[in-house]
1. Suppose we keep only residues that are free of Cβ contacts under 8 Å to residues at least 60 places away in the same chain and more than 20 Å from Ala246 (Cβ to Cβ) within region 31-57. Which one would you say is nearest to the chain's Cα centre (by Cα)?
2. Search region 363-374 for residues that are assigned by TED's automatic domain parsing to the domain that holds Ile36 and pair each with any residue that is part of a loop (DSSP other than H, G, I, E, B) and hydrophobic (A, V, I, L, M, F, W, C) when their beta-carbon atoms are under 6 Å apart and the residues are at least 6 apart or on different chains.
3. So which of Asp291, Asp271 is among the charged types (D, E, K, R) and either at pLDDT below 95 or within 23 Å of Lys106 (Cβ to Cβ) (or both)?
4. Output the number of the condition that Glu235 fails; it satisfies all remaining conditions of (1) within 14 Å of Gly73 (Cα to Cα); (2) surrounded by 19 or more Cβ atoms within 10 Å (Cβ to Cβ); (3) charged (D, E, K, R).
5. Looking at region 344-360, I want the residues that are in contact (Cβ under 8 Å) with a residue 60 or more places away in the chain and have a partner that is of a type in the set (Ser, Thr, Tyr) and part of a strand (DSSP E or B) with Cβ atoms under 8 Å, at least 6 apart or on another chain. Which pairs are those?
6. Please tell me if Gly104 is within 19 Å of the chain's Cα centre (by Cα) and on the phi > 0 side of the Ramachandran plot.
7. Among the residues of region 100-128, what is the count of those that are more than 30 Å from Asn83 (Cβ to Cβ), surrounded by fewer than 19 Cβ atoms within 10 Å (Cβ to Cβ) and not hydrophobic (A, V, I, L, M, F, W, C)?
8. Name the pairs: first residue in region 87-98 and in contact (Cβ under 8 Å) with a residue 60 or more places away in the chain and within 16 Å of Ser222 (Cβ to Cβ), second residue of a type in the set (Val, Ile, Thr) and assigned to a helix (DSSP H, G or I), Cβ to Cβ under 6 Å, at least 6 apart or on different chains?
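The values are calculated or read from the model by the stated rules, or taken from the named source; none is laboratory data. Fair warning: this is a prediction, and the values are worked out from it, not measured in the lab. Please note: Cβ atoms are built from the backbone with ideal geometry, for glycine as well, and neighbour counts cover all protein chains shown.
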Amino acid sequence: MSINSENFSLLSKLPQYVFSSVNELKSQARSRGEDIIDFGMGNPDQPTPRHIIEKLLESAVQGRNHRYSVSAGLPKLRLAISNWYKRNYDVDIDPETESIVTIGSKEGLSHLMISLLAPGETVLVPDPCYPIHSFSVLIARGNIKEYNSIDDLKLLENIEKGLNSNPKPKALIISFPSNPTTQTVELDFFEKVVALAKKYSVIVIHDFAYADICFDGYKAPSFLQATGSMDVGVESFSLSKSYNMAGWRVGFMCGNSEVISALKRVKSYLDYGIFQPIQISAITALNGTQDCVHEIAENYKVRRNRLIDGLGKIGWEIEPPKATMFVWAKIPDRFLELGSLEFSKKLIKECRVAVSPGIGFGKSGDEYVRFALIENEQRIQQAARSIRKLF
C-alpha cells in the first residue's frame, strides 16, 4: 500500500499557508545575495533579559530539574501567575483550579479546542485573526464562523450577529490588543462581551499575548477584570513578547475552573509539562523586576514611531497603533487593486522589504499589510527610503 497525504482528513481541512509564497520570494532573494529588510514574522529580535537567563543557567545544572515535570505547571509558577494577575489587574486567581501553564499560547489554544469541541461544533472567530485562532478549531475538527473585526464601531454588533446565528457557536474567540489589527479596547467592551456570553451561553476565549506592549499612556485591560468573566471564559497569556522569551515556549491560561479543568485533563494525556528550568525562569520573570518589560515596550514604541514617520514622509499615512509589536497598514489607494498578497510580493521584488499580506489573517484583511517591528531603527529608515521608489 502506498501512503497518500490526500487521505489525511485533517490536512484536507487546513487551508494553504498564504505566507509561504512571500517566504519563498524572500528566500530566493536572499539566495541571490540580496539584503531583505524583514518585517514579516513577529519574532522578537532582542535577547531575553539577563536575570531570566541567569536563573535558567543556575537551575539547568541541578539534576532534580531534569525529570518529568507536571503538565499543569509547577505550583510555584501557578502561584506567580496568580500574583501577577493580582498585582497588575487586581484579579483574584486560584492557582490550583483557575490557572494552568501552557507551552506557549499556540499549544494552549489548540489543546483547549480539543478539550472543548465535539467534531462539527462551531467557534466564532475574528476575521482577520492570528492564524492559530482559526486553525486550532480546524485541528479539533470543529467548524469556523467568522465575524468581521475590522470596524470598531460595529464590532459588538458583528459578534452578536454571529452568536445569534445557526448553527449556534459553542465558543467565541477575542484578542485585544489585537494581532494583526493592533486594535485596542477598554474594560467596558469586555463587560458587554460577558453580557453577550451569558445571553447566548457561549464560552469566551481571550488571547492576551500583547498585554504589556502598550504605548502613549494606554494600559490594556484584562478580560478577567470584567464582572462575571470568570463565569463565562478564560484568558491566555504568553511570556514571548513581554519578556522576549519567544523561543522558550511558556505561557498560561486562567479563568473559569471548569474550562481550566478540561484543559488540564487533556494535557495530562499529551505532555509532561515544560522543562523545569524554563518554568523556574518564568517564575523569576513574573516575580522579579518589571523594568525589562517597560524597556521592551519602549523599544517597540521607538520603532513604531520611526516606521510611521518614515512612511508618512513618503506619502503613506498610517494611524499609530496604541499597542502590540505591529503596524497594520492600509495599502495605498494606487495599489489597492493588487490585493495584499501581490502588493507584498511587489515590496520584496522592487524594494527588498518583506511584510505579511493581510489576506493571510483572513479575507477582511486583504486591503492591509502587517509590519512586525523586529528590525532596528536604522533598518526601518532604510526600508522607508526603499519603499519611496513606489511613490
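1. Of all residues in region 31-57, those free of Cβ contacts under 8 Å to residues at least 60 places away in the same chain come to 31-33, 50, 54, 57.
If we keep only those that are more than 20 Å from Ala246 (Cβ to Cβ) as well, we get 31-33.
Details: Ser31: 30, Arg32: 33, Gly33: 32 Å.
If we take residues in region 31-57 being free of Cβ contacts under 8 Å to residues at least 60 places away in the same chain and more than 20 Å from Ala246 (Cβ to Cβ), then Ser31 is nearest to the chain's Cα centre (by Cα).
2. Ser364/Ile150; Glu367/Ile331; Val369/Val355; Phe371/Phe39; Phe371/Val355; Ala372/Phe39; Leu373/Met325
3. Details: Asp291 fails: either at pLDDT below 95 or within 23 Å of Lys106 (Cβ to Cβ) (or both).
Result: Asp271 is the single residue among Asp291, Asp271 that is among the charged types (D, E, K, R) and either at pLDDT below 95 or within 23 Å of Lys106 (Cβ to Cβ) (or both).
4. (1)
5. Ser344/Ser356; Gly358/Tyr368
6. Values: within 19 Å of the chain's Cα centre (by Cα): yes; on the phi > 0 side of the Ramachandran plot: yes.
So Gly104 passes the test.
7. The number of residues fulfilling the criteria is 3.
8. Glu98/Ile260
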